Amino acid sequence: MRATRIAVLAAVGVAAAGATGVAVGQSGPDKSAALKASVDISKPKNIILFIGDGMGDSEVTSGRYYAKGAAGRLNMDALPFRGDVTTYNVGPAAAAPYPPNYVPDSAPTAAAWSSGIKTLDGRLGQGPSSGVTVPGTNYETYMEIAKKRGLSTGNVSTAEITDATPAGPSAHISQRGCQGPNDTRSACPTETKAAGGLGSIAEQQADNQFDVVLGGGRARYAQPLEAGGTTNVIDYAKTKGYKYVATEAELASVTSLAAGERLLGLFHDSNMTTEYQPLIASDTGAGSATTKCQPSNRGTEPTLAEMTDKAIKLLEGNQKGFVLQVEGASIDKRDHASDACGQIGELIGMDDAIGIAQQFQKTHPDTLIVVSADHSHTSQIIGPTTVPRGQYTTLQTVDGAPIRISYGTAAIAGSQSHTGATVPVFASGPRAADVTGTIDQTELFPVLTNTQTGNGPATSTPVGGDVGGAVPATLSLTVGAPASFPAFVPGVAKDYTAGMLADVVSTAGVANLSIADAGTTAPGKLVNGTFALEQPLQARAKDGAFASLGATPLGLLTYTGPVSNDRVSIDFKQSIGANEPLRTGTYAKTLTLTLSTTTP
């Protein structure tokens, strides 16, 4: 049993006159009221997660300056809640604790938000182990959980759809390179279907039967299910109910999906074509103060915005809601190549897709939009006349001014490296405020599983495999600031309300949250010295019915399963009669909030 003392109080008195003044040097609008109005603690029906691969603050800023100007703003900038995300992963060890690795690759970071776990480089949907060739425990992903709850599911990327980020919510495998059956037979032989495993990432994606799957990676799906065979993963996906399309026009022609029908779109053999043609940095400088990025010829490939729009339209009909992940993949890939135009174009392409989601959110305010990244990257904005030790490119922004971008984490002409800095997260909609502050990437998992349908947020849960782990019995109750009523006004009949927040963690089969007045003076009533209010204090949780408090515990919530960091709003109501005498001072009471179980 976990009990926590909380305070509830209100002041009665006369307000004192104060001095007024004029703010000097205030540089921006007062956003407090708008932010307060944007806080929505209800659960979202729909969740759309955007991941800019390699999208650190520098990549966001260079894209913003180039395309929108110094004073301009991207679509993602309009999302009101902002935080910073730590992205470290862990290295192998015989047992926990596993050593931290401060500069991750895209696989363990995808596992972090998809399954809420820290794991090894190259690993997807699996926990850490003693070595990179030793598979770990498989963990459920947020998209698998959404599907089990009856929500529609979608996975969209400009990379191979079997690449690390889109594989994060859709596969469990020890090596991210095991994308197709041939790859898996070579690099992950113990995880093939023939060996009793789940198979390649492509096969697992077909087996997961997510409703909409769009991206590149056709060559991975074209690999045969069996060595030397003629049936490939595209054929296999069709047996799982997938309609297959390969061009922008074919995608546009799909306006609905029949019951049990799904959509698989593979628009390139490898990664999809970038929005802008490459402009590779050099140690003597590429581009100039008048250089503009040039659009690529993308042939029959749809844009990320078009794929996002199609996915939303095909998923939105489910009354239980949907979960959709969208990746702007080649911000990272072009950053590796020291290609400023490439990375900027992909950043803008993803921002256009975010705009599509924002338009949907306007008419569907029960939609949560989250925008973040898997890891930070190498590019830096430097002075337009600075000559760095590494490679650099100069471009002309929409302002007509020069911007210089440098790359310095690899030898000249080498592949640039990821970096270990935090990455941004932006959000709007229900529960968007949960991303504020500095959070870890694993903390996105409960946000992504906190849907209207289902008992969310979820906890990281092992699935299948021969490796397991014990969960210690846990009841944790953390209470926020005390509840405080506005000043009671004598002579006026009124109901006063106040609220507070509590966070609940429970591994119990059944857990009960209750509140009681354990004091001996006027149980259930606010007191001011020897004076007590006439009416009892009332309480409720999560918009339930108010009930009077007393010495006997008042049940607020019952959890019929484990919960992790469930944010509970506890409201109090105090009725004051018009003829009720009030004594100057503070009426208060210390209450006991208890989380208990008889079914651990």
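Results, tabulated for the structure shown:
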item: Residues of region 106-136 classified as more than 19 Å from the chain's Cα centre (by Cα), small (Gly, Ala, Ser) and closer than 20 Å to residue 53 by Cβ, total; result: 1
item: Matching residues, region 216-257, being open to solvent by less than 70 Å² (accessible area, probe 1.4 Å), in contact (Cβ under 8 Å) with a residue 40 or more places away in the chain, closer than 20 Å to residue 310 by Cα and not in a loop (DSSP other than H, G, I, E, B); result: 216, 218, 248, 251, 252
item: Residue satisfying condition, being small (Gly, Ala, Ser), touching a helix residue (DSSP H, G or I) at 6+ places or on another chain (Cβ under 7 Å), open to solvent by 10 Å² or more (accessible area, probe 1.4 Å) and at pLDDT 95 or above, within set 125, 116; result: 116
item: Count of residues meeting criterion [under 30 Å from residue 432 (Cβ atoms) and of a type in the set (S, T, N, Q)] in region 543-582; result: 5
item: Subset of region 46-86 (residues that are among the polar types (S, T, N, Q), touching a strand residue (DSSP E or B) at 6+ places or on another chain (Cβ under 6 Å) and within 30 Å of residue 453 (Cα to Cα)); result: 46, 86
item: Total residues in region 190-207, condition open to solvent by 30 Å² or more (accessible area, probe 1.4 Å) and in a helix (DSSP H, G or I); result: 2
item: Qualifying strands (runs of 3 or more DSSP E) (wholly inside region 366-406; at least 1 residues being surrounded by fewer than 19 Cβ atoms within 10 Å (Cβ to Cβ)); result: 380-382, 391-396
item: Residue among 208, 182, 155 that alone is more than 19 Å from residue 126 (Cβ to Cβ) and among the polar types (S, T, N, Q); result: 182
item: Of residues in region 551-563 being outside any strand (DSSP E or B) and within 41 Å of the chain's Cα centre (by Cα), the one modelled with the lowest pLDDT; result: 561
item: Selected residue (criterion: nearest to the chain's Cα centre (by Cα)) from residues of region 278-304 that are open to solvent by 30 Å² or more (accessible area, probe 1.4 Å) and at positive phi; result: 299
item: Residue satisfying condition, being of a type in the set (Val, Ile, Thr), at pLDDT 95 or above and in contact with a Ser or Thr (Cβ under 7 Å, 6 or more places away or on another chain), within set 290, 303, 274, 230; result: 274
item: Residues that are in a loop (DSSP other than H, G, I, E, B), under 22 Å from residue 209 (Cβ atoms) and of a type in the set (Gly, Ala, Ser), drawn from region 260-315; result: 260
item: Members of region 316-347 that are surrounded by fewer than 23 Cβ atoms within 10 Å (Cβ to Cβ) and among the hydrophobic types (A, V, I, L, M, F, W, C); result: 337
item: Segments classed as helices (runs of 4 or more DSSP H), wholly inside region 124-189, with at least 2 members that are among the hydroxyl-bearing types (Ser, Thr, Tyr); result: 181-187
item: Subset tally (residues that are under 24 Å from residue 147 (Cα atoms) and open to solvent by 50 Å² or more (accessible area, probe 1.4 Å)) for region 258-273; result: 4
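The values are calculated or read from the model by the stated rules, or taken from the named source; none is laboratory data. For clarity, every value in this text was computed on a predicted model and none was experimentally measured. Every residue, glycine as well, gets a Cβ built from its backbone with ideal geometry; the counts of neighbours run over all protein chains shown. The accessibility values were calculated without ligands, DNA or RNA, using every heavy atom of the protein model including side chains. Shrake-Rupley method; radii C 1.70, N 1.55, O 1.52, S 1.80 Å.
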